[in-house]
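Take a look at the structure set out below.
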Amino acid sequence: MTTDPVPLSGPRFQTDPAALYREMRRDHGAVTPVVLDGGIPAWLVLGYRELHQVTGDPVLFSRDSDLWSQWPNIPDDWPLLPMIGRKQPSILYTVGERHRERAAMISGALEAVDASVLRSHAERFADELIDAVCAKGEADLVADYAMLLPVRVLATLYGFSEEQGPGLVTALNDMIDGRERALAGQQHLGSSMAQLIADRKAEPADDVVSRMLADPSGFTDEEIIQDLMVMMAAGHQPTADWIGNSLRLMLTDTRFAASLFGGRNSVAEAMNEVLWEDTPTQNVAGRWVSRDTRLGGRVVRAGDMLLLGLQGANSDPQVRVDGASLTGGNNAHFSFGHGEHRCPFPAQEVAEVIARTGIEVVLDRLPDIDLAVPAGSLTRRPSPWLRGLTELPVRFTPVPAL
């Protein structure tokens, strides 16, 4: 095995991540040394079994970022701080019993969302977005559609007014891209959440935020603000990329051609295949090692940071047979995480309803949709964390708005 760390940046995360992860596994094994912006070292866990081990042992591999040995080397304006923050009072960095209480509070608030109300919100916003482009005969299904839909639905469920939706979209996308606007996006999101909580304390309503505030476990406003930011970020961008990546698959793979013209059975199959092969959340930060131990043949030290290589683990040849079909409902992928910090099940269901409804509305409203550029020219956003298209240009016969 080679010892030179791999930069966790660069165009290959966009162009050919599958080959990059194969090379990392070949050269370094299941646990690869990587280097982040500013020369900060970490480990990327690419092995399916190793990732199972890390996510299943929250004591040895902790979510407590205070354990990180690199904090003295991190500048205040480090662009990855929104993704790898100092220990914040959010569910992401809480451990033990308090984490379980918070997970229950969030699950309860989301579980109370009526499935038919959720679907009707998703259909209404999806129809509005299609109405804006359907008479033109062409659209970018990323910028005009996928990047706008999930946050609009989530903002309504949480209790925001519809006018606030577009500003939240911009702030979230800035924050997640991890570039120079990241910290400003995080601040806009935080101040918006604080105002919503103040409004709902004064006037409760039938929404997610009011239910979180009513939880008897006694969470502070700051804790709820932080959890709402996590829920919004985790619910919007991966769902937007789930829509975009699934539509790309259906428009470029002949196996799904029939479903573009009336058959809907394949939407769920395409969505599941994307979670295995082209998952929106590629890599996640992180876990921190609480004492020296061995992992995947490596010695990892107390204070080291482990990044969860979800896409690398999904394609681990130890658990995957080349060419095996994944459209038969196999859900043993890591796309929603694993262990006590996995995405709560009600949140997964909300994301799936938004994504599936979004895809079905496109196929229903634009019946002869086709890719407007060669499939090989489609490009990805520059992020090692999230994998989504920069654009998805399509053409279709113009149809009137609803």
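What is the magnitude of the charge dipole of the stretch 145-224 about its Cα centre, with +1 placed on the Cβ of each Lys and Arg, -1 on the Cβ of each Asp and Glu, and no other charges, expressed in debye to the nearest 20?
On the way: 6 positive and 13 negative charges, 34 e Å.
For the stretch 145-224, the charge dipole is close to 160 debye.
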Q: For Val31, enumerate residues with amide H under 5 Å from its amide H, sequence gap 5+ or separate chain, H modeled in the peptide plane.
A: Leu46
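Once the piece of chain linking Asn331 and Gln195 is laid out straight, how much longer is it, given 0.36 nm per residue of separation minus the C-alpha distance between them? Let's see the in-between values first.
Working: separation 136, 0.36 × 136 = 48.96 nm, distance 3.84 nm.
That pair, Asn331 and Gln195, stretches by 45.1 nm at full extension.
Taking other Cβ within 10 Å of each residue's Cβ, how do Leu378, Leu392 sort, fewest first?
Details: Leu378 18, Leu392 24.
Taking fewest neighbouring Cβ atoms as first place, the list is Leu378, Leu392.
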Q: Filter the GluC sites (Glu not before Pro) in the stretch 114-223 to those in DSSP coil with at most 15 other Cβ atoms within 10 Å of their Cβ, and list the result.
A: Glu180
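Treating only the Cβ atoms of Lys and Arg (+1) and Asp and Glu (-1) as charged, compute the dipole magnitude of the chain about its Cα centre; round to the nearest 20 debye. List each step's numbers first, then the result.
Working: 36 positive and 54 negative charges, 223 e Å.
Using only the charged Cβ atoms, the result is roughly 1080 debye.
Using a Förster radius of 45 Å, what is the FRET efficiency between Asp27 and Ser120 based on their Cβ-Cβ separation? Nearest 0.05, please.
Working: r = 51 Å, r/R0 = 1.12.
Efficiency for this residue pair is about 0.35.
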Q. Residue by residue, what Karplus-based ³J(HN,Hα) values in Hz, rounded to whole numbers, does the stretch 205-220 have, using 6.51, -1.76 and 1.60 with θ = phi - 60° and x for Gly and Pro?
A. 9, 8, 8, 4, 5, 4, 5, 5, 5, 7, 4, x, 6, x, 8, 6
Q. How do Val45, Val230, Val117 rank when sorted from fewest to most other Cβ atoms within 10 Å of their own Cβ?
A. Val117, Val230, Val45
**Q.** Listed residues Ala198, Val361, Pro393: farthest to the positive end of the dipole of the chain (Cβ charges)
**A.** Pro393
Q.
Could you give each residue of the stretch 228-234 its phi-based ³J(HN,Hα) in whole Hz, using Karplus coefficients 6.51, -1.76, 1.60 with θ = phi - 60°, and x for Gly or Pro?
A. 5, 5, 4, 4, 5, 5, 6
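Multiply the residue separation of Arg49 and Thr390 by 0.36 nm, subtract the distance between their alpha-carbon atoms, and state the gained length in nm to one decimal.
119.5 nm
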Q.
What are the ³J(HN,Hα) couplings of the stretch 122-131, residue after residue, when phi is run through the Karplus curve with 6.51, -1.76, 1.60 and θ = phi - 60°? Round to Hz, x for glycine and proline.
A. 4, 5, 5, 5, 4, 5, 4, 5, 5, 4
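Compute the Cα gyration tensor for the stretch 204-314, then decide on rounded, prolate or oblate, letting a ≥ b ≥ c be the square roots of its eigenvalues: rounded whenever a/c is under 1.5, prolate when a/b is larger than b/c in the other cases, and oblate in all that remain.
Values: a/c = 3.72, a/b = 1.21, b/c = 3.07.
Judged from the Cα gyration tensor, the stretch 204-314 comes out oblate (a/c at least 1.5, b/c at or above a/b).
Values in this text are rule-based calculations from the coordinates and carry no lab data. Computed from a prediction, not measured in an experiment: that's the story for all the values here. Neighbour counts run over all protein chains shown; Cβ positions are idealised from the backbone, glycine included.
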